[in-house]
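To keep things clear, I will list the structure first and then write my remarks on it.
The values are calculated or read from the model by the stated rules, or taken from the named source; none is laboratory data. Because the structure is a prediction, the values reported are computed rather than measured. When we count neighbours, we look across all protein chains shown, and the Cβ atoms used for this are built from the backbone with ideal geometry, even at glycine. Note: accessible area is taken over every heavy atom of the protein model, side chains too, but ligands, DNA and RNA are not part of it. Shrake-Rupley method; radii C 1.70, N 1.55, O 1.52, S 1.80 Å.
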Amino acid sequence: MENRQENEELKIPDILPLLPVRDVVVYPYMILPLFVGREISIAAVDHALSRDRLIFLATQRDVSEEDPAPEAIYQVGTVAMIMRMLKLPDGRVKILVQGLSKGRIEEYVTTKPFYSVRIDRIAEPATGESLETEALIRTVKEQIGKVVSLGKVISPEVMVIVENMQEPGSLADLVASNIGLKVEEAQGLLEIIDPIERLRRVNDFLNKESELLNMQARIQSAAKEEMGKSQREYFLREQLRAIQQELGETDARAEEIAELRKGIEAAKMPAAVEKEALKQLGRLEQMHPDAAESGMLRTFLDWMVELPWSKATKDSLDIGRAKEILDEDHFYLEKIKDRILEFLAVRKLKKKMKGPILCFLGPPGVGKTSLGKSIARAMGRKFVRISLGGVRDEAEIRGHRRTYVGALPGRILQGLKQAGSNNPVFMLDELDKIGADFRGDPSSALLEVLDPEQNHAFSDHYINLPFNLSNVMFIATANQIDTIPAALQDRMEVISLSGYTEEEKLQIAKRYLVPRQTRENGITEDILAITDEALKSVISKYTREAGLRNLEREIGSICRKVARRVAEGEKKRFVVNAASVPKYLGPPRFLREAEMEQNEVGVVTGLAWTPVGGEVLFVEATVMKGKGALTLTGHLGEVMKESVQAALSYIRSKAVELNLAEDFLGSLDIHVHVPAGAIPKDGPSAGITMATALVSALTRTPVRKEVAMTGEITLRGKVLPIGGLKEKMLAAIRAGITTIIIPEENRKDLEEVPKHILKKVRIVTARIIDDVLKVALENYPPPAPARDAGVKPKAAPRRVLAPPRKGVPAGAKG
C-alpha cells in the first residue's frame, strides 16, 4: 500500500490546474462530490480530465466572491483525483474527487482560461510509536464516540474506520472532515504539518463540541431559572412541534408564524422597526386564530415583510450612457437633462446623498410624465407613478389607522412596495389638481413626504413606524403653479417646460411621432412618406397647442386613412405633401393672425401668453367728441382695465411733451377695444401696448405694422418685466413681425430662447415708455397738432382708424 502511494505521489506533476472551492476544505484520502458552475472552474476540470485527471483543490477565503483573485485563495490545498464526472441539465458539472496529498502553491503560472499553479508537495513526517501518541489516539477515539452518543450525526461506516485507524495524521484528517468545523478552522488544521500537533488540535475541537452538546442536553432536559423566558418558550415550542409531528398532526398556524418570523429576519429592518414587528408577531402567536384582531395583525405583518426596508437598486453612474438614453427618448428639454446628469455626477462622487425633489411645470403634452420613465431608465432605477388628480383625502397619502376595517397604507408606501426597492423614481402626477375637503388636505400631508429634512423618517398612519424616503427621487408634474400651496412649492425645485417651437415640433414628429404612428397602424415607411412641408402644415393649421398630443392624433388620422386604402387593395407608395394634407384632414382648423397691411393710427400689435402657447393680440384705440369718458371692451379682466387707466394717467401727466392740450380729456371720449370680444383676457403685460395705442390715437401718429411689444407700465412710465417671453416671441414670428419690444429686465431671459429664433427678429429693450414710442411710432416726439387740435371739440370726433377690412380680423385671439 505504501509503495503504491509513493508511486502515485511520484507521478503528480509540478504544475496542475487549480479548482477554487467554497464552504469546504478537502483533506487527503477524503472522497466527496463537488458541484462546479463557474466558467473558470469548468475549464480547469475539463483540462484535468483531458490529461491525468489530477487537479489541485484550494479553498477561497470569501465564499461570496465569484471570481477570486490569487490572493483570495488559501496557499495550502490538496492534490485530488477526479474519479467521476457528470454534466447536469443546468450547465453545471458534478464531480467526485479523492484527495491524494497536501501541497502548497508556489506560483500562479496562468490565469486564463483557468488558474494553473506550480505546487510544492508537502510530505507527511513520520511519527514513531510512543505512549503519548497511543494515548492521544485513544482519547480522540473516545471523544468521537462520546460526541456521537450526545447526538452528533456521524455515519456508522466512518465510526468503523475510526476505530481501526492507527495513523495519527490520517485519523486527525478523517475526524476533522466529519465534525462540521468552520472553513477557517478546517483550513488551519490542513496547514499543520506535524500529525501529532494536528491530532491534539482535533482533540481540542472535540472537547469543545462535547461541552456544547452537554450544554444542549442540559437545556433540553430541564430549563434553568437563569435562562430567559423567550429561550424556554422556544425549546418548549420545539418539543411541542416534535410531539405533533410524531402524532401526525400538522400545525398550519405554526408554519405561518415561522414564515412570518423568517420574513421579518430577511427584510433587514431597522432595529426599532424589527423589535415592533416581532412584538406584534408575538401578539399574533398568542391570539386565537378566530379573533377579530388576528386578521388585522396578519395583514399588518405582511406589509411589514413586503416593504423594501433595505432593498435598493444600484444606480447606473455612466453619465455618457445616461445622456444617450435621455436624448434617445426626448428631443430638446436640455435644462431637465442637465439637471439629471448633474445629479448622477454628484452621486458618482458621493456615495450617500439625498434624492432630489423636482417639479416639472409646463402645459399638457410636452412630455413631463414620459420624461420620468426616461429618467428612471437612464439611472437604472425602478419607476413608480401615482396620479394625484382629484385626490381629496389625506389618508390617500398617509394611509388609515389600523383600527379601521379594510385599512391600508397610503399610496406612497404602496408605490414603494410595488417598486420593490427603496430608491425608485417616484412620479407624483398632476400635483396641481389635488383637492381638499372635510377629510383633510392631501397637499399638507405631502409636506413631510417632499421635505428632505423630514422624509428620512416618514410615518404612515397604518405602519406607524418611520420609513426612510430620503433615497427616493421624487418628480412632481403640474400644469400651473398657482394652485400649489406656497409651502409645498418651497420644498421642490421647479423646472419649467415651455411649449415647443414649430421647428422643435417638426423634429419631434419626424423622429418619434411619425415612426410610432406608422408602426401602430400597421404600415411601414415604404408605404407612407410625410414630407416636412406637410408636417409644418399640420402643425400650423390643424393644431394649436404647446404640447404634441393633438399633433400625434392628426398624424395618426393620416396613417389610418392610408391604412384603410392599403387594406382595400391599393398598392402604391403614398406621399403626403402640404397640398394633399386637406384631403386627409379636411379644411384647416386654425388660421394665424394676419399682420396689418399698413401702418395705422391707434392699432398696435401686442403679445399674449396662453396655456397653449403665445398669441398675437391687437389693441385698438379711438377718440371721439365727448366729456372725458373711457370705454373698455373686449372681455377685459380687472388687471387689464387698470393697465389702461395707468397708461392714460401717464399720458395726461406727459401731455406737454406729447404736444397735447393739458385739458385734452375734457372734450374727448376714448374707446379701447381688444378683439376677439368673446375671449376673456387679463394680465398686466399689455400695459405698454395700451399706452402706445392711446398715444397714437390722441396724436394721430401711425404705428409701425412690423413692431410688436409686451411689458407692464407704471404711472412713472417705467416698463416692468413680464413672463412667457419665449412663447410670445414665437407668436410674433408666426405673425410676420420683425421687431419685438421687451422690457430691459427681460434681457436675461433671452438666453433661454433658442438661437435660431433670435436670428429671425430684431429685439429692442425698453426701460421707459419713451423707448417704446421711439421705435413703435412713425414720428416721435409726435408733431404739434393744428392750432385747434386737441382743444376745440370739432377736432376730436375725427375717426383715425382704417376701415375694418384693413384692421384686425374679428376672430383674433388674445
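Counting only protein heavy atoms and using a 1.4 Å probe, what share of the accessible area of the chain belongs to carbon plus sulfur, as a whole percent?
Heavy-atom surface of the chain belonging to carbon and sulfur, 1.4 Å probe: 51 percent.
I want to make sure I understand the PRE zone here: with the label point 7 angstrom from the Cα of L86 toward its beta carbon, which residues in the range 20-57 have backbone N atoms less than 15 Å away?
32-36
Under 5 Å between amide hydrogens, which residues at least 5 positions from R385 or on another chain qualify, with H placed 1.01 Å from N in the peptide plane?
So R385 has HN proximity to M427.
Quick one: what are the phi-derived ³J(HN,Hα) couplings along the range 313-321, Karplus 6.51/-1.76/1.60 with θ = phi - 60°, whole Hz, x for glycine and proline?
For the range 313-321, the Karplus curve yields 8, 7, 5, 7, 9, 7, 5, x, 5 Hz.
Name the shape class, rounded, prolate or oblate, that the alpha-carbon gyration tensor gives for the range 344-413, where a ≥ b ≥ c are the square roots of its eigenvalues, rounded holds for a/c under 1.5, and otherwise prolate holds if a/b is larger than b/c and oblate otherwise.
Numbers: a/c = 2.78, a/b = 1.52, b/c = 1.83.
Oblate, because a/c is 1.5 or more while a/b does not exceed b/c.
Please report, in debye to the nearest 20, how large the charge dipole of the range 473-625 is about its Cα centre when each Lys and Arg carries +1 at its beta carbon and each Asp and Glu carries -1 there. Don't skip to the answer; put the middle values down first.
Details: 22 positive and 22 negative charges, 199 e Å.
Result for the range 473-625 is approximately 960 debye, rounded to the nearest 20.
Only bridges whose two residues both fall in the chain count here: according to DSSP, what percent of them are antiparallel, nearest 5?
Values: 54 of 94 bridges.
Bridges in the chain are about 55 percent antiparallel.
Using the alpha-carbon atoms, what tilt in degrees (0 to 90, nearest 10) does helix 292-306 show relative to the longest principal axis of the chain?
Approximately 90 degrees, to the nearest ten.
Kindly identify the range 290-377 as rounded, prolate or oblate by the Cα gyration tensor criterion: order the square roots of the eigenvalues as a ≥ b ≥ c, call it rounded if a/c is under 1.5, otherwise compare a/b with b/c, prolate if a/b is larger, else oblate.
It is prolate, given that a/c is not under 1.5 and a/b is the larger ratio.
Report the trypsin sites (Lys or Arg not before Pro) located in the range 572-677 that are in a DSSP loop and have at most 12 other Cβ atoms inside 10 Å of their Cβ, or state none.
Filter output for the range 572-677: K572, R573, R589, K627.
Of the options V24, P68, I55, report the single residue whose Cα projects farthest towards the positive end of the charge dipole of the range 16-99 (beta-carbon charges: Lys, Arg +1; Asp, Glu -1).
Projecting each Cα onto the dipole axis, the largest value belongs to I55.
For every other residue with a beta carbon closer than 11 angstrom to the beta carbon of G711, add +1 if it is Lys or Arg and -1 if Asp or Glu, then tell me the sum. Could you put the intermediate results ahead of the total?
Numbers: positive: K718, K728, R767; negative: E712, E744, E745, D771.
Taking every Cβ under 11 Å from that of G711, the sum is -1.
Given the C-alpha centroids of the range 658-712 and the range 489-503, what is the distance between them in whole angstrom?
One Cα centre to the other: 33 Å.
Candidates [x] 54.5; [y] 68.4; [z] 46.1; which is the computed mean projected area of the Cα convex hull in nm²?
[x]
At 7 Å along the Cα-to-beta-carbon direction for both E745 and D318, put a label point, then send me their distance in nm to one decimal.
Simple spin-label model gives 4.8 nm for this pair.
Treat every Asp and Glu Cβ in the range 371-505 as -1 and every Lys and Arg Cβ as +1, leave all other atoms uncharged, and give the resulting dipole magnitude about the Cα centre to the nearest 20 debye.
I would put it at about 800 debye.
Considering amide H positions built from the backbone, and no H for Pro or chain starts, which residues 5 or more places from A312, or on another chain, come under 5 Å of its amide H?
Those lying under 5 Å, H to H, from A312 are N422.
What list of ³J(HN,Hα) values in whole Hz, one per residue of the range 179-184 in order, does the Karplus curve 6.51 cos²θ - 1.76 cosθ + 1.60 (θ = phi - 60°) give from phi, with Gly and Pro shown as x?
The phi angles translate into 10, x, 6, 5, 4, 5 Hz.
Could you provide, to the nearest whole Å², the per residue accessible area of the chain with probe 1.4 Å?
Details: 41300 Å² over 814 residues.
Roughly 51 Å² per residue, with all protein chains present.
Mind listing which GluC sites (Glu not before Pro) in the range 23-75 are in a DSSP loop and have 11 or fewer other Cβ atoms within 10 Å? Don't skip to the end; give the middle numbers.
On the way: sites: E39, E65, E66, E71; in loops: E65, E66.
Passing both the DSSP loop test and the Cβ count: E66.
Sum up the charges of everything whose Cβ sits under 11 Å from the Cβ of E106, counting Lys and Arg as +1 and Asp and Glu as -1, but leave E106 out.
Values: positive: R104, R118, R121; negative: D14, E107, D120.
Charge balance near E106 sits at 0.
If you place +1 on the Cβ of every Lys and Arg and -1 on the Cβ of every Asp and Glu, how big does the dipole about the Cα centre of the chain come out, in debye to the nearest 20? Could the numbers behind the result be given before it?
Details: 117 positive and 115 negative charges, 996 e Å.
Dipole size: approximately 4780 debye.
Filter the GluC sites (Glu not before Pro) in the range 406-502 to those in DSSP coil with at most 10 other Cβ atoms within 10 Å of their Cβ, and list the result. Mind showing how you got there, number by number?
Details: sites: E430, E448, E453, E493, E502; in loops: E430, E453.
Passing sites in the range 406-502 are E453.
Can you show me the helix-derived [θ] at 222 nm for the chain, built from DSSP H runs with n ≥ 4 at -39,500 (n - 2.57) apiece and divided by the number of residues, rounded to the nearest 500. Numbers along the way, then the final one.
Working: 28 runs with 322 residues, N = 814.
Roughly -12000 deg cm²/dmol at 222 nm, from the helical runs in the chain.
Between their Cα atoms, which of K268/K382; K354/K726; K311/K417; K728/K760; K275/K354; K561/K583 are more than 22 Å away from each other?
The pairs that break the limit, which is 22 Å between Cα atoms, are K354/K726; K275/K354.
Name the residue from I397, S177, M729 whose Cα lies farthest towards the positive end of the charge dipole of the chain, charges +1 on Cβ of Lys and Arg and -1 on Cβ of Asp and Glu.
M729
Quote the FRET efficiency, to the nearest 0.05, computed for K760 versus K335 with a Förster distance R0 of 30 Å and r equal to the Cβ-Cβ distance. Show your work: numbers first, answer last.
On the way: r = 22 Å, r/R0 = 0.74.
The value I calculate is 0.85.
Quick query: amide H of V24 versus all other amide H atoms, modeled in the peptide plane; which residues come in under 5 Å with a sequence gap of 5 or more or a different chain?
Under 5 Å from the amide H of V24: no residue qualifies.
Report the label-to-label distance for A126 and A272 in nanometres (one decimal), using points 7 Å from each Cα along the Cα→Cβ vector.
Those two pseudo-labels are separated by 7.1 nm.
With θ set to phi - 60° and the Karplus curve 6.51 cos²θ - 1.76 cosθ + 1.60, what are the ³J(HN,Hα) couplings of the range 117-131 in order, to the nearest whole Hz, using x for Gly and Pro?
In residue order, the calculated couplings are 10, 8, 10, 10, 5, 9, 7, 7, x, 6, 10, x, 6, 8, 4 Hz.
Once Lys and Arg get +1 and Asp and Glu get -1 on their Cβ, which of M304, A258, V639 lies farthest toward the positive end of the dipole of the chain?
It is V639, whose Cα lies furthest towards the positive end.
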